[in-house]
Amino acid sequence: MFALGLPCLLLFPLLVGSAPPSEKTPLSDRPPGNSPTTCRRCCDPRETVEGAPSPMTAAYKMPEVRPYINITILKGDKGDKGDRGTPGKAGKEGPLGPRGYIGSKGFKGQMGAPGDPCKHQYSAFSVGRKKALHSVEYYQSLLFDTVFVNLYEHFNMFKGKFYCYIPGIYFFNVNIHTWNFKETYMHIMHNDKEKVILYAQPSDRSIMQSQSIMLDLEQNDEVWVRLYKRERENAVYSDDVDIYITFNGYLIKPS
């Protein structure tokens, strides 16, 4: 063992003495950040370029704080509905639009209920007078005291007038007996208008006189016979027994 260790001891000074002297690197040629006085460990984090943040700093960067206001908290209650405003002026009328298309034909409707049977309308009267009549200072309506026919009471015996309840065309006729040496002067009246005259001159004998007319009446029209007022001797003869004076009328065609 001693023999093996002796050659090693003899070679050691030669190896140490033959090592070339180390040359010092100038400070200007050293890379930045490598200071001769700085001691670094292999576990230390690498330094970055000057001015750039280190990985540790970037990992723990503080978050940006932005204020946030909840608008719903500040919103008040809904107010009451306001009054309706004044309507504005109407705008100009627009042009007439084009005519639309003709629609399709509709379906046939249901059959209606049966109507009333055809009703015939009637109106007729025939009245007479037994008493004579003389003219006075005013016009007189010729009244009657005998009823032959008065269908539906359309002739008013108290006023001596026929009242139209069914509009249409009517026929009227009046018959009288004249008085000797006296004039007979009468009219068939439609409401307040004179329509036809019945006239007889004074004579030494009495005769029967007649007048007829057809009238187109409206509802509530009146037809009656009027004796002329006293401007001359005017009379209608009767003997209080027989009937010399008659007034007749009936509906020909309803409107």
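We did not get these values from a lab; they are worked out from the coordinates using the rules stated. Only a predicted model underlies this, so the values are computations on that prediction, with no experimental measurement involved. Note: ideal-geometry Cβ built from the backbone for every residue, glycine included; neighbour counts use all protein chains shown.
Quick rundown of the values:
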quantity	calculated
Gain in span if fully extended, Arg232 to Asp145, counting 0.36 nm per residue against the direct Cα distance	28.7 nm
Cα-based Lys pair tally, region 134-255, threshold under 18 Å, eight or more apart or on separate chains	7
Using θ = phi - 60° and Karplus 6.51 cos²θ - 1.76 cosθ + 1.60, couplings along region 191-197 (whole Hz; Gly, Pro as x)	6, 10, 10, 6, 9, 9, 10
Ranked packing of 170-177, 154-161, most packed first, by mean Cβ within 10 Å	170-177, 154-161
Potential extension, Val241-Thr86 segment - 0.36 nm per residue separation minus Cα distance	47.3 nm
